[in-house]
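> What follows is a structure written as structure tokens; I'll ask about it next.
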Amino acid sequence: MPVGSRFDLTGRVALVTGASRGIGSAIAETLAEHGAQVALSSRKQADLDTEAERINVLYPEKTVAIAAHSGRPEDLGRLVKEVMGRFARIDILVNNAATNPYFGPVIGAELAAWDKTFEVNLRGLFVLTKLVYEASMEAHGGSIVNIASIGGLRPGLGLGVYNITKAGVIMFTRQLARELGGKVRVNAVAPGLIKTRFAEALWGNQEILDRVLAQNPMGRIGVPDEVAAAVLFLASDAASYVNGEVLVVDGGGGGEP
Ligand SMILES: NC(=O)c1ccc[n+]([C@@H]2O[C@H](COP(=O)([O-])OP(=O)(O)OC[C@H]3O[C@@H](n4cnc5c(N)ncnc54)[C@H](OP(=O)(O)O)[C@@H]3O)[C@@H](O)[C@H]2O)c1
């Protein structure tokens, strides 16, 4: 089969969390561009509707928008039920939603901030993955792509609690890839600093930005489309023998403050 056609997702159904803006919306658009039906999810229905309509203008009738809070298992249960009711299967799951309520040393974190970060970034990811596996992938197979971070691979200052959850996302990815035996491939993407609202406190601060750029051989930070392309590869048949892998997308180094 020509390699190019292995990126074709026609007939596949994808669920992308955190899809109303930033990296998640770029992923949703890229998967729709390659033929997938895409369910976009995040907390705010109005923002999701706007994003889904924007993508539908480019790729007609490719997206639906279903709000759900990643920290609430009941929301995630309803989300999977609605996607299954609509499409009867989920072939691709992109666990992208995450939060970071606290910036500072790990030892200074309040329990509430610690719990919130774990609730959304790690527990929510586990709950949704389990629901999608049991509803569809156990029977039909599939591909799961988890959005981690280079902060999950090595320590950096300020984002320690968040980084610990992302290290958990990476281990979750490797563990699940081993347990699911390839019928469901499980991979992760670990972005460096990407220009989104989430990371504005970093790239919007000239001192931090200069520090990051000084370590980066490409001399710039990334944009959401560059992460989306890596997700497309891992989600598609082009990555049919890639399993349990963590694909770093950081321009070749640096990225953390
Ligand atoms: N930007 C970077 O430099 C960078 C670097 C490494 C890794 N990452 C990772 O990339 C992913 C996307 O980040 P981003 O930079 O694109 O962030 P972003 O632009 O702030 O987008 C975050 C998305 O997640 C949704 N979201 C936030 N909290 C949620 C919750 N509790 N439940 C459901 N949805 C929620 C947001 O919508 P609502 O607010 O409407 O819910 C939004 O759609 C995250 O996993 C992040 O950790 C980002």
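The values are calculated or read from the model by the stated rules, or taken from the named source; none is laboratory data. Just so it is clear, the structure is predicted and the values come from calculations on it, not from any experiment. Neighbour counts run over all protein chains shown; Cβ positions are idealised from the backbone, glycine included. The protein model used for the area step is the full one, side chains on, heavy atoms only, and it has no ligands, DNA or RNA in it. Shrake-Rupley method; radii C 1.70, N 1.55, O 1.52, S 1.80 Å.
> Going by Cα centres, the stretch 26-67 and the stretch 124-138 are how many Å apart?
20
> Moving to a separate point now. Expressed as a whole percentage, what fraction of the accessible surface of the chain belongs to carbon and sulfur atoms when a 1.4 Å probe is rolled over the protein heavy atoms? Display every interim value, and only then the final one.
On the way: 6450 of 11730 Å².
Ligands and nucleic acids excluded, carbon and sulfur reach 55 percent.
> Under a point-charge model restricted to the Cβ atoms of Lys and Arg (+1) and Asp and Glu (-1), what is the dipole moment magnitude of the stretch 3-249 relative to its Cα centre, in debye to the nearest 20?
Working: 25 positive and 25 negative charges, 74 e Å.
Here the size comes out at about 360 debye.
> Cα convex hull of the stretch 92-214: how many Å³ per residue? If you can, show how the numbers build up before the last one.
On the way: hull volume 13.2 nm³, N = 123.
Once divided by residue count, the hull of the stretch 92-214 is 107 Å³.
> So for the pair GLU110, LEU209, with labels modelled 7 Å out along Cα→Cβ, what separation do we get in nm?
3.1
> Mind jotting down a quarter of the surface of the convex hull over the alpha carbons of the stretch 181-247, in square nanometres, one decimal? Let's see the in-between values first.
On the way: hull surface 21.5 nm².
Orientation-averaged projected area of the Cα hull: 5.4 nm².
> Using the scaling law 2.2 N^0.38 Å as the reference, what is the normalised Cα Rg of the stretch 93-163? All intermediate terms of the calculation are to be shown ahead of the outcome.
On the way: Rg = 14.4 Å, N = 71, 2.2 N^0.38 = 11.1 Å.
It is 1.29.
> Continuing with the same structure: Tell me the relative contact order for the stretch 3-249 as a rounded percent, counting alpha carbon contacts under 8 Å between residues six or more apart.
So the answer I get is 21 percent.
> Continuing with this model, one more query. What is the P(r) of the stretch 35-114, as percent of Cα-Cα pairs per 10 Å bin from 0?
Calculated P(r), rounded to whole percents: 16, 40, 25, 14, 5.
> Solvent-accessible area per residue for the chain at a 1.4 Å probe radius, Å²? All intermediate terms of the calculation are to be shown ahead of the outcome.
Numbers: 11730 Å² over 257 residues.
Spelled out: the 1.4 Å probe surface of the chain, per residue, equals 46 Å².
> Excluding same-chain pairs closer than 8 in sequence, count the lysine pairs in the chain whose Cα atoms lie under 26 Å apart.
20
> Right, next: With springs connecting C-alpha atoms under 10 Å apart, model the chain as a Gaussian network and identify which of ARG72, ARG89, ARG123 has the largest mean-square fluctuation.
ARG72
> Something else now. Of GLY168, ALA190, GLY108, whose Cα points farthest to the positive end of the dipole of the chain (charges on the beta-carbon: +1 Lys, Arg; -1 Asp, Glu; origin at the Cα centre)?
Positive-end residue among those listed: GLY168.
> So what is log10(I(q)/I(0)) for the stretch 132-176 at q = 0.27 1/Å, when the Debye sum runs over its Cα atoms only?
Ignoring solvent entirely, the Cα scatterers give -0.89.
> Would you mind giving the three semi-axes, in whole Å and largest first, of the ellipsoid equivalent to the chain according to its Cα gyration tensor? Mind showing how you got there, number by number?
Details: eigenvalues 151, 81, 68 Å².
One finds semi-axes of 27, 20, 18 Å for the chain.
> So what are the radius of gyration and Dmax for the Cα set of the stretch 213-255, in Å?
12.3, 37
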